[in-house]
Amino acid sequence: MSQNLSFIKPVNFDEACRAIDFGEMSFFVRTDPAQQMLRLVERVKFAAKLLSKVANIQHSKAPNTVAHALRFPTWHHLSSQLELANGSPDDKLSDAWFNAFSGAVVLWLEPEKEVALAHVQLEAFERFGHILAMLTDVPVQTMLDDVCARLCAGQNWADVCARSPLKATLPLYTFSGEPHTEGSDPGGWFAESAACMALIEELDVQWQGYDQFTKSEKRAARQWVEAALASQLGFLEAGLALAAMQHDACEAQASSTVTRFIKQAEALMPKGFRGPVVWGNTSNRFYHRLLWLQMELHHEAGDLPAALRVARKQLRLNPDDNLGIRFVLPLMLLQRQKFDAARRDANRNLQGEWDITAQVIMAFCDYAVGNVMDFRHGLASSLISLPWLRLFLLNQRQPLPDGDDGFRSMRPDEMVFSKFVRPAYRAVPGLMNACKSFLAEAQVQRAEAELRQYWKGFWRKAESERVGTPAGWDALAHSWQEKLAS
C-alpha cells in the first residue's frame, strides 16, 4: 500500500469517482441524486457512530468530524446540501453542487464481506482513516481497524486488505425455486454471491476467446482455472470452463468433470424441483452450457440414448430452447434409426421454424419415413435457400461457380451440421444416394445456375447496377421449387 496518503482534491465529482475505480457511481448520483444522497446520509451516520465509540467523543459531535473529513465545515452544512437533492429537479442541480461531494465518494463504496477492494479503493479508505485520525488524535491503525474496516464489513484492516474471493467461505451459489406442484411452476434460478461475481469477472478475463488462444495462452488460462477450483471447489462456472478445456484437448476426463459439476449445481435445487430453469435468467446459463456439453460428449462417445435423455431434459427445463436443442433431437433420433420418432419430433418442434437448418432436417425425416415427394420439396427449398448444401451433401471442397459463397442472406449453424447433421445423413439408409441423385439431375443444376445468376445480379448491388428485385427472386425461387419437387 502506498505511503503517500496526502489528500489531493479531485477536479470534479466524476473524476473523483473514476479515481477510485467507481465510475458508475457518477451515473447513479446524477440520475437519481435524491436516492443516492439518502444512501450517503446513512453511511455518514454509520461512520459517525463508529467514530464516536473509538474516539470517545459525543455522538452529537461525531457527525461534524465526519463531515469535516469529507470537506464540509459542519454536519449542518453537509445535510443542507443533501437536502437540495430533494427539492430540485435533477437537471437544476449545478456541477458545483455535485463537485462539492467529490470528497465523499469513498463512503458510497459499500464493500461486500468477501470481495476484494481495488488498490485505489483501499487507498481511498486509508486516506479517510488518516484524516479522521488527525482530526481526533486517535492512532491511525485504530481508526483503520475500528472505523474503516467496519465501513468495509471487515473485522480489522488487515482482514480487508487480505480479502480475495478465492478465500470466500460463504456459498458461491444459491438456488431459488419451489418444488413442482400441480398448477404452479414458477421456475428457478441460480444466484451468485458477490465473491462469486468477482470470480466470474476474472474467469471471463482468463477464458473468453479460448478457441483463438495460442498454446501458451491456453496453458495459462487452464492453470488459472485449476488453481481457482483448488481454492473454490464450488465455483461452477470454472467447472464448465475446465470441462470445455478438457474437451478442447480431447481428454477423457471432460465427461466426468461435466457430470460432477452438473451434480453440484443440481444439489442446490430443492427436492422435487423440476423446472423450468430458463436461459433468460443469465445466472442459469452456465448450467445450460454444462448440459449442452454433457449431451455433446455423450453424442461423441456414441451413447445416443444418454445424449437424448440430456437433450429432452434441457428442452423441458428451458422450453424457449435458446441453444437449439430442437434441431439436434430429431437428428439424433435419425442417427438411432428411430425414424417415426424423429419425424414426430421434427413436426412438433420445427414446423414454421425460420432457420434453414430446420428445412434440411425435415427433408431428411421425410425421406426416412418414405415421404419421397415431401423429401424432394424440402430438399429443393433447402438447396435454393442454401446453395452451400451441395458442398455439404457431396462432401465437396471445390467451391461453387462464379464466386458464389453458397449463402443467401442467412448462414446455418455449421457446427450443428458438422456434429449432428452429418452423422444423421450417413445413418439413414439410402439418404445419401437419394441426395446425390437429386443433385445430379440436369434440371436441378439448371435451377442452381439460373438462381445463382439472378441472385448475383441484385444482391447488395447499387440501385444503378441492380438487375432484378427481391420480389423477382421470390417468384423465381418459388417457381423452381415447385418444378424440382415433382
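The values are calculated or read from the model by the stated rules, or taken from the named source; none is laboratory data. A quick note: this is a predicted structure, and the numbers were derived from the prediction, not measured. Neighbour counts run over all protein chains shown; Cβ positions are idealised from the backbone, glycine included.
Assess whether Ala55 counts as being within 30 Å of Val138 (Cα to Cα), surrounded by 16 or more Cβ atoms within 10 Å (Cβ to Cβ), assigned by TED's automatic domain parsing to the domain that holds Leu151 and not hydroxyl-bearing (Ser, Thr, Tyr). Taking the combined requirement at face value, the residue satisfies it.
Here is a yes/no grid of residues against (1) closer than 22 Å to Pro330 by Cα; (2) at pLDDT 95 or above; (3) not small (Gly, Ala, Ser):
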residue	(1), (2), (3)
Val360	yes, yes, yes
Cys365	yes, yes, yes
Gly370	yes, yes, no
Arg376	yes, yes, yes
Phe392	yes, yes, yes
Pro399	no, no, yes
Asp404	no, no, yes
Arg408	no, no, yes
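Results for (1) over 22 Å from Leu391 (Cα atoms); (2) at pLDDT 95 or above; (3) of a type outside the set (Phe, Trp, Tyr), shown as yes or no for each residue.
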{"site": "Val428", "(1), (2), (3)": "no, yes, yes"}
{"site": "Leu431", "(1), (2), (3)": "no, yes, yes"}
{"site": "Phe438", "(1), (2), (3)": "no, yes, no"}
{"site": "Val444", "(1), (2), (3)": "no, yes, yes"}
{"site": "Ala447", "(1), (2), (3)": "no, yes, yes"}
{"site": "Phe458", "(1), (2), (3)": "yes, no, no"}
{"site": "Ala462", "(1), (2), (3)": "yes, no, yes"}
{"site": "Ala477", "(1), (2), (3)": "no, no, yes"}
{"site": "Leu484", "(1), (2), (3)": "no, no, yes"}
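Examine region 211-224 for a residue that is assigned by TED's automatic domain parsing to the domain that holds Ser193, within 23 Å of His298 (Cα to Cα) and loosely packed, with under 12 Cβ neighbours inside 10 Å, and state whether such a residue exists. Checking region 211-224: at least one residue is assigned by TED's automatic domain parsing to the domain that holds Ser193, within 23 Å of His298 (Cα to Cα) and loosely packed, with under 12 Cβ neighbours inside 10 Å. For Ala100, the criteria (1) of a type in the set (A, V, I, L, M, F, W, C); (2) under 25 Å from the mean Cα position of the chain (by Cα); (3) surrounded by 14 or more Cβ atoms within 10 Å (Cβ to Cβ); (4) modelled with pLDDT under 95 hold in every case but one, which is (2). Flag: Leu389 does not match the condition of being in the same structural domain as Asn347 (by TED's automatic domain parsing) and more than 26 Å from Gly457 (Cβ to Cβ). Test of understanding: among Leu50, Leu5, Leu78, which residue is at pLDDT below 90, of a type outside the set (S, T, N, Q) and in contact with a helix residue (DSSP H, G or I) (Cβ under 8 Å, 6 or more places away or on another chain)? Exactly one of Leu50, Leu5, Leu78 is at pLDDT below 90, of a type outside the set (S, T, N, Q) and in contact with a helix residue (DSSP H, G or I) (Cβ under 8 Å, 6 or more places away or on another chain), namely Leu5.
Entry remark, region 191-224: residues being closer than 27 Å to Ser176 by Cβ and part of a helix (DSSP H, G or I) number 12 in total. Within region 427-444, identify whether any single residue is within 38 Å of the chain's Cα centre (by Cα), surrounded by fewer than 12 Cβ atoms within 10 Å (Cβ to Cβ), without any contact (Cβ under 8 Å) to a residue 60 or more places away in the chain and part of a helix (DSSP H, G or I), and answer yes or no. No: region 427-444 contains no residue that is within 38 Å of the chain's Cα centre (by Cα), surrounded by fewer than 12 Cβ atoms within 10 Å (Cβ to Cβ), without any contact (Cβ under 8 Å) to a residue 60 or more places away in the chain and part of a helix (DSSP H, G or I). Looking across region 371-393, the residues that are part of a helix (DSSP H, G or I) and over 37 Å from the mean Cα position of the chain (by Cα) come down to Val372, Met373, Asp374, Phe375, Arg376, His377, Ala380.
The helices (runs of 4 or more DSSP H) found wholly in region 268-355 and carrying at least 1 residues that are among the acidic types (Asp, Glu) and touching a residue at least 40 places away in the same chain (Cβ under 8 Å) occupy 285-300.
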